[in-house]
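The values are calculated or read from the model by the stated rules, or taken from the named source; none is laboratory data. Quantities reported herein were computed from a predicted structural model and do not represent experimental measurements. A quick note on method: Cβ atoms are made from the backbone with ideal geometry, for glycine too, and the neighbour counts reach across all protein chains shown. Note: areas computed on protein heavy atoms with side chains; ligands, DNA, RNA excluded. Shrake-Rupley method; radii C 1.70, N 1.55, O 1.52, S 1.80 Å.
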Amino acid sequence: MAGFPSGVGVVTTFAGDGSPRGMTCTSLCSVSLDPPVLLVCLGTGSHTLKAVRESGSFAVNLLHAHGRPAAELFASGAPDRFDRVAWRAGAGDAGPHLTEDAHIIADCSVVGDQVVGDHAVLLGEVRAAVPVRRERPLLYGLRRFSVWPHPVDAARPVRDAVG
Ligand SMILES: Cc1cc2nc3c(=O)[nH]c(=O)nc-3n(C[C@H](O)[C@H](O)[C@H](O)COP(=O)(O)O)c2cc1C
């Protein structure tokens, strides 16, 4: 799958004690349009997965071209990762919103959880999609980060970015 480049997300949630959790995730894709459902695959040993199961919700922060340091931070296991990025709780409280690093954020409720081998496939119904910045997406493939090579259409209203 290294030869299948994708966008880069940071899946976030709140643990039972209210503390933020989050991890970099590229096993991420759309599933259904009506209702809007996406899926993420999180390792069964992941601290973020444990917290998602407690809360029943998560946010998917899709990173933009300048979000690579956040992608690396949220893959590092650093315990202080949320002290090193700008974030706030979204209106839906699904999970922390990375306000400087995401170009769009989806707040999701867990509607499916299937363990496959060493990962859990979580289905998330999208409750809200929050456009943040009009920026080119961050990409990951062949074990390297890259950036979508074309400019984002400046004439396109940010609101349309949801559809
Ligand atoms: C580019 C990239 C993509 C990743 N994608 C995934 C993924 O889709 N699923 C996963 O379980 N781990 C993925 N990881 C690894 C996790 O981000 C990493 O194990 C993280 O530290 C887990 O944090 P946690 O245990 O606090 O939840 C990825 C790492 C990188 C660098």
Report task. Confirm whether T99 is hydroxyl-bearing (S, T, Y) and either touching a Gly at 6+ places or on another chain (Cβ under 9 Å) or at pLDDT below 95 (or both). Result -> no
Query - Pairs where the first residue, in segment 109-129, is farther than 10 Å from C41 by Cβ and the second is of a type in the set (D, E), C-beta under 8 Å, 6+ apart - result: S109/E125; V111/E125; L123/D113; V126/D107; R127/D107; A128/D107; A129/D107
Query raised in the report: Is one or more of the residues making up segment 13-20 of a type in the set (S, T, Y), in contact (Cβ under 8 Å) with a residue 60 or more places away in the chain, open to solvent by less than 50 Å² (accessible area, probe 1.4 Å) and touching a Lys or Arg at 6+ places or on another chain (Cβ under 7 Å)?
Result: yes
**Report entry** Qualifying strands (runs of 3 or more DSSP E) (wholly inside segment 50-146; at least 2 residues being within 16 Å of the ligand (Cβ to nearest atom) and over 13 Å from the mean Cα position of the chain (by Cα))
**Finding:** 102-116, 119-131, 138-141
Report summary line: Here the residues within segment 85-111 that are under 19 Å from R133 (Cβ atoms), open to solvent by 60 Å² or more (accessible area, probe 1.4 Å) and not small (G, A, S) are W87, R88, E100
Query raised in the report: Are there any pairs, at least 6 apart or on different chains, whose C-beta atoms fall under 9 Å, with the first in segment 24-48 and open to solvent by less than 40 Å² (accessible area, probe 1.4 Å) and within 6 Å of the ligand (Cβ to nearest atom) and the second assigned to a strand (DSSP E or B) and among the charged types (D, E, K, R), and if so, which?
Result: S46/R21; T48/R21
